[in-house]
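Beneath this line is the structure, given in structure tokens, with notes to follow.
Read-outs throughout are calculated quantities, based only on the coordinates presented, and are distinct from any laboratory measurement. Predicted model, so just to flag it, every value in this text is computed and none were measured. Virtual Cβ from ideal backbone geometry, glycine too; neighbours counted across all protein chains shown.
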């Protein structure tokens, strides 16, 4: 009876863990030092042009949400409806459209910053992606995350997609899958551990059956 209980709990824990979404791609956050930030090569104003974030995947991935960072002029941009699109990378240009949607901007204030002598505020922005399955074949494959404002604020300006490096926009993607090629994620290691635990439980049950 005890073996059955352990076996059932092991299955429950492992299945629960695999269903949880985690970070699958990290393009970095805005580097800020003593309140000073940079727009490496320029931060696109999402009310005027479409921001294009390039990312890559190495294995089958289901995207469920995204986070990106912006620098904003206080009292100018008050929030609107934004659109996201994910395209395949066709030799450095947009290929086939894989998914798209709109979201109402919800923001978390991070800190006041100065960019090029201009006082701005840094915000973290999060939105949901309705379970978009991407299977990079052959692996790895590159993709574009495009974000643009569709309605805009009072002045139709003032929301700048922050950069995390030279010509690199700051964003993160969440979901399941996309095991890095340089080594197993903690989730993978835990799944291996779960497999070992399940195997041990099975051997205990088999031994008791033979008695």
Regarding segment 23-182, what are the three Cα extents along the principal axes, ordered largest first, in Å?
45, 32, 27
Taking neighbour counts of Cβ atoms within 10 Å as a proxy for exposure, in what order, fewest first, do 97, 57 appear?
97, 57
Please give the peptides 119-130, 135-146 ranked by average Cβ packing (other Cβ atoms within 10 Å per residue), highest first, as a rough proxy for protection.
119-130, 135-146
Can you put 134, 36 in order, fewest other beta carbons within 10 Å first?
36, 134
What is the order of 24, 58, fewest Cβ neighbours within 10 Å to most?
58, 24
Ranked output for segments 48-56, 102-110 by mean other Cβ atoms within 10 Å, highest leading, reads 48-56, 102-110
How high is the relative contact order of segment 23-182, in percent, with contacts defined as C-alpha pairs under 8 Å that are six or more residues apart?
47
Could you give log10 I(q)/I(0) at q = 0.13, 0.14, 0.26 Å⁻¹ for segment 57-141, computed by the Debye formula over C-alpha point scatterers of equal weight, without solvent?
-0.58, -0.66, -1.24
